Amino acid sequence: MDTTAQSAAELELKGVGVSPGIISGPAFVLAPEDESVVVRDITPADVPHELHRYEQALVATRQQIRDLQHRMTESLGKESAEIFEAHLLMLEDRAIYDEIVRMLQRELKNIEYVLHEVTNRYAQALHDLKDEYLSERAVDVRDIARRLLHNLAGSSSTALAELATPCIIIAHDLSPTETAGLNKSKVLAFATDLGSPTSHTAIMARALGIPAVVGMHDVSLRVAAGDPVLVDGQHGLVFVHPAAERIERYDRKRKAQAAIRLRLGELRDQTAMTRDGYHLPLAANIELPADAESAMANGADGIGLFRTEFLFLKSVPTEDEQTEAYLQVARRVAPATAIIRTMDIGGDKFISHLKMPQQVNPFMGWRAIRFCLAQPEFFKTQLRAILRASTLHNVKIMYPMISNVREVIVANCLLAEAKNELTARGEPFDENIEVGVMIEVPSAALTADLIAPHVRFFSIGTNDLVQYTLAVDRVNELITDLYEPTHPAIIKLIKHTIDVSHEHGIWTGVCGEMAANPLLVPLLVGLGVDELSVNAPGLPLVKDVIRSLRYSQAEELGQAALRSGSADEVMHNCHQLLAQLAPEILELVE
Amino acid sequence: MSLTRALTIQNRFGIHARPAALFVKTANRFQSDISVAKDGQRVSGKSIIGLMTIEGYQGAILQVTATGPDATEALDAIEDLVQQKFFED
C-alpha cells in the first residue's frame, strides 16, 4: 500500500444515473447493517418470554412507522408517505405472525433468528415475482424486519438523521425508512450498490431534486468516509478523489448549464430558425398526457411523438380512457399538431398483464405494429380513440416498427374500419387525419419509395435504426463503441429516406436520440430533415444550436458526411462545427 | 362450514398493495379462516404479503375458501369488494 501523503488517484465508478445533476462533496458511508443474526437455543418454557419480546418490538416498530409516516406526509406529501401504510399492514401480517409462533415452538430458537428466517422467506418470494413493482416490495419486508431486529436489540439507526455537514450518501442500499429518516438539508446526492430506476432511492432522489446513481455494485466498499466524491447523476458516474482537471471540467459544465438555463426564458418564445432564415419545426417527444404541459412550456412547436405505450403500463385502458388522454394532449397543443404513435410494446418495454410470451430476441420479435396487427380489435380500440381525439383537426397517427409496406396497408385498412365504426356510432372525427410511419428498420428505409404513397410523413427513429442497421444491441455494454450514429450506412439511409419523401411530396422528421444530440443536429439539418422531435428538457439546447447555425454550414457538413467513408471523420466534423458555433454547448455534451 | 367461490379480479391494477390491504382488512372482520388459491398456489386471505405474491392481475380467477361459522357472510363481503373493484376504477 502507498502510505505517502500524496493525494489518492482518481477512481471512476459507473452505475445507472436515476436523477440528474452534478455535485461534489465529502462521502458519508452508511455502514452496512450487520445482517448476521445470532442463533440461540431456547427451552419450551422460554417461548412465552420470546413472544412477549416480539410483541413489544411490534408495538415499538408500529409507533416508529407512524412517526415516519407523519413526518413524510409533512415534508413530501401524502403520496410519498403511502408506502408506510403498506408497511404497517405488513408488520401486522397474520400469516407471518402465525408462522413465527409455529416456528418458535417447533424449532426452539431465539426470536431474532426465527423472525429473520420467516421474513427472509417472504421477502424472497416477493423478490422473485415478475412484476417489477411488486418485486420491489421485498425491500419493504426486509426494511420492517431490520427495524424489528433493531427494536429487539434495543437500538435504532439514527446515523442518517444526525448528519452535521452536507455530504454525499454512499450505501449498499437505502431502505425507505433510512431515506425518510435522513436530514434532507444535509444530503447532496446518493450513490448505492443496489437499486434500479424504479427503486425507492431513485424516486426519493427525484422528489428531492438531488443527483443519484444506483446499481453501482460495490461503491460502498470502494469509498471511505470523508473521501472527496463527485457525482454526475445524468451519466451515472461517481468519481472518488476526483482529479483537479476533472473538477475543473465539471465546473465549466455546470457554468455552461447555468448560462444556458439563463437563456431559456428568451429562447422559449423564439422560433427554431437558422441565422439565414431557415425555419425548422422543433417538436417534443412525450410519454404521458401531462408531459404536453412541460413540452409547450419549453417552447415546442407541437408534439412529434406521443409514446402511447406508457398508458398501457399498468393495465389496458378502455377506449374512453384513451380518448380522454389523447384529447388532453390535442387540446393542450392546439392549434399546433400532435403526432400520436400507436403503442410500441416489446423490445425493451414489457407489460406483464398483456401476456406476451418470453422471446429470445425481443427487439426482433413480436412487438409494436406486429403485436397490434395480430390483435385487430385491440388495435382498433386505440385507433378509434385517436380518431375521436382528432376533432380539432390537429392530430396525426403514426405506426411504429414498420418493416414492409404490407403492414402499412393492413394498418390503414383497420383505420378505415375504425372510421366506419365511429361513423355508424355517429361520433365525430377528422376524416382527413394524416397517417405516417416510423422509419426505424433498414428495410423500411430502403423501400421508402414503396411506403411513401400510403402515408403523409416519415419519422426516423434513430435509436432502432442504428441498432438494426449496424447489428449492435444498444443495451449490450460490450459493444457500445460499435453504436455509431455517424456510420456511413446510417447517413446514407437517413439521406435516402429524406430524398424519397421529398420526391413524393411528403416530409421526414427525426425523433430519436440523434435529434437531441447538439453535435448531430447540424448534420441532420444538412441532410435535409424537415422536423426534429426531442424530449422536452432537450428542446432549448437544440433550439440554441439551430439558431446559431447557418443553413449553408449545415449543408456543407451534410455533403461532406455523404462523401466520407468514416464515422469518426463525420463525428470530428460535427465537433468542429459545434466548437465554432457554440463552444459552451460543446462543453456540455463532452 | 366450508365454502368456496371463484372470483374474477376486475380492477385494472389487479391485487397490488392497496387492494391486498383492503382484502385483508375485510377478511379480518370474520371469524372464519379464509384462503385464496390461484394456479395451484394457496395463501391466507388474512396475509397482505401472501396476497401480493399470488399476482392477481386483472382477469385472474381466484378460488376463495372460507371455513367457519360466518363463512357465507365472509364470502359475500369479499365478493362485494372484488366486484366493487376495490373502489379503484
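Observations
- Violating pairs (Cα-Cα greater than 32 angstrom) within the set A:K130/B:K25; A:K14/A:K130; A:K14/B:K85: A:K14/B:K85
- Couplings 3J(HN,Hα) for the stretch A:542-555, derived from phi with the Karplus relation 6.51 cos²θ - 1.76 cosθ + 1.60 (θ = phi - 60°), are 5, 5, 4, 5, 4, 6, 9, 9, 9, 4, 4, 5, 4, 4 Hz, where x marks Gly and Pro.
- Viscosity 0.890 mPa s, 25 °C: Kirkwood-radius Stokes-Einstein D of the stretch A:181-292 over Cα pairs, µm²/s: 141
- Directionally averaged shadow of the stretch B:2-87, computed from the convex hull of its alpha-carbon atoms, nm²: 4.5
- For the protein assembly as shown, the 222 nm mean residue ellipticity estimated from helices alone, with every DSSP H stretch of n ≥ 4 adding -39500 (n - 2.57) and the total spread over all residues, rounds to -14500 deg cm²/dmol.
- Within the shell of other residues whose beta carbon sits under 14 angstrom from the beta carbon of A:L13, the net charge comes to -3, with Lys and Arg scored +1 and Asp and Glu -1.
- Each of B:M1, A:M296 was scored by other Cβ atoms within 10 Å of its Cβ. Arranged with the fewest first, they read B:M1, A:M296.
- Rounded Å value of the spacing that divides the Cα centres of the stretch A:240-270 and the stretch B:46-80: 56
- Radius 14 Å from Cβ of A:V441, net charge of other residues (Lys, Arg +1; Asp, Glu -1): -1
- Taking 0.36 nm per residue of separation and subtracting the Cα-Cα distance, full extension of the segment from A:Q328 to A:Q124 would add 69.3 nm.
- Residue order, fewest to most beta carbons within 10 Å, for A:H49, A:H116: A:H49, A:H116
- Using alpha carbons only: equivalent-ellipsoid semi-axes of chain A, gyration tensor based, whole Å: 49, 32, 21
- Cleavage-rule hits, GluC sites (Glu not before Pro), the stretch A:379-455, DSSP coil, Cβ neighbours within 10 Å at most 14: A:E431
- Taking A:M364, A:M438 and counting other C-beta atoms within 10 Å, the order from fewest to most: A:M364, A:M438
FYI, it's all coordinate maths here, none of it is from the lab. Note that this is a predicted model, so its numbers are computed, not measured. Positions of Cβ are generated from backbone atoms using ideal geometry, with glycine treated the same way; all protein chains shown enter the neighbour counts.
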